[in-house]
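One structure is given here, and the rest of the page talks about it.
Just so you know, all these numbers are worked out from the coordinates, no wet-lab data involved. This is a predicted model, so every value here is computed, not measured. Neighbour counts are summed over all protein chains in view; Cβ atoms, including those assigned to glycine, are modelled from backbone coordinates with ideal geometry.
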Amino acid sequence: MNTNTRYTYPCLFCGDNTRHRTEEHIIQHGFKNSRCVLDTDVCCHCNTDIFSALDKKLIDFVHTYVYPNHPHISRNRTLLQAGHIIQFDQETRIWRSLQIDRNMKPVLFPQLVFVDKNRIDFYCNSNQNYQKLLNNMKQELVHVDKLSLKELVCQQPDQSLPTIQSAVIRTAPMKYVLRASTNQEVQLLKSQIHNGQLMRQFSQESEPRRKTTQKSELLANLVLERNLINRAIAKSAVNAVCSFLGSQRARNSVLDPIKSFILSDTQDEGERFIQHIWNINRNENTISQKENFTVPGYHTLILASRDRIPTVILSLYERPFALIRLTEDTNFMGEEEIYAGLIDYRSGSHQVLNYQNDPVSFYERFYVNNIQ
Ligand SMILES: [Zn+2]
């Protein structure tokens, strides 16, 4: 390392002009992004000391919570195979299933948890109509032929905790997940639904107990560390600006606020910059405009103005993931400037399309030949 090196431009993020430069991946290397890099724009301190932790958090979040069932993601499927999280509540010592909505808020599925032989708890969000939901479940579970029953065998994450209790979880109307710690237990739940025994337990016993969810929301928020995740997303957007518009424009002071956010180790979640647009319960019938900017087999980064606000649309695994508002300055980018970075997440190869220079290729890629 030569500390006397002078670079043409200061570090894109911290402004340092002497530290060694290392390759900065435009989107995180963990998303299979091997050759899509900034070579000399980012100093080793930012790249390694600050960004490594952010990148890891974002990759874990995306692979574990956002696209857990994506066919090309095989890592990190621990407790989350069915697109939901199973969380242990310290106070009640009950495992409860929840999902993270697109605002990154934890939402408890309505669920029956088999605490022991004599006790079934019913859980739902505290703002939901407990009685109505429970009645819905009772009515639906009788119509065995029409039910969708998914099986979920959970591995015990920590032997010091109680075994994950069996549960019947309602993920959508008529759609259920049967959760248990062994396949045998899952099959038992299934047969109890099929032969009506589950419903008979209801009529014999008093109503299951109700619990509220305040505790679990707090726990999930702590686990997610939204500040780190959003800083990692913002960093990819600034990297894209540098890659598409060049090193000089990426040093424009209008980007200073978002760079400060990226470097800031605070509780700031950066909601003025980052909007999550992924949806875990994707309804294939509602294709939004944003999905025009996705390409099968690719991650995409689109840089364009929306109402003159320079914005990056980040899609991961061909699905919209986040919108990043880079600055409030409306003069930074022209309306006609549109760039797209496409990263093949299987091979790691990439290409950049510039709408102004080559509108035909741009249109072909996104509107005509939306193919792999
Ligand atoms: Zn730096």
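Once backbone amide H atoms are built at 1.01 Å from N, THR171 has TYR176, VAL177 as its partners under 5 Å, excluding neighbours fewer than 5 places away on the same chain.
Using the structure shown, list the pairs from LYS117/LYS175; LYS57/LYS190; LYS57/LYS150; LYS132/LYS190 with a Cα-Cα distance above 32 Å, or answer none. Pairs exceeding the cut-off: LYS57/LYS190. Summing +1 for each Lys or Arg and -1 for each Asp or Glu among the other residues whose beta-carbon sits under 12 angstrom from that of ASN357 gives -3.
Summing Lys, Arg as +1 and Asp, Glu as -1, what charge do residues with Cβ under 15 Å from the Cβ of SER253 carry, SER253 excluded? Could the numbers behind the result be given before it?
Numbers: positive: ARG249, ARG251, LYS259; negative: ASP256, GLU328, ASP329.
Local net charge: 0.
Annotation: aspartates and glutamates with alpha-carbon distance below 12 angstrom to LYS138 (same-chain offsets under eight excluded): GLU207.
Peptides 22-35, 310-323 ordered by packing proxy, namely the average of other Cβ atoms within 10 Å per residue, highest first: 310-323, 22-35.
A cut-off under 10 angstrom between Cβ atoms defines the neighbours of ALA304, and their net charge, with Lys, Arg +1 and Asp, Glu -1, is -2.
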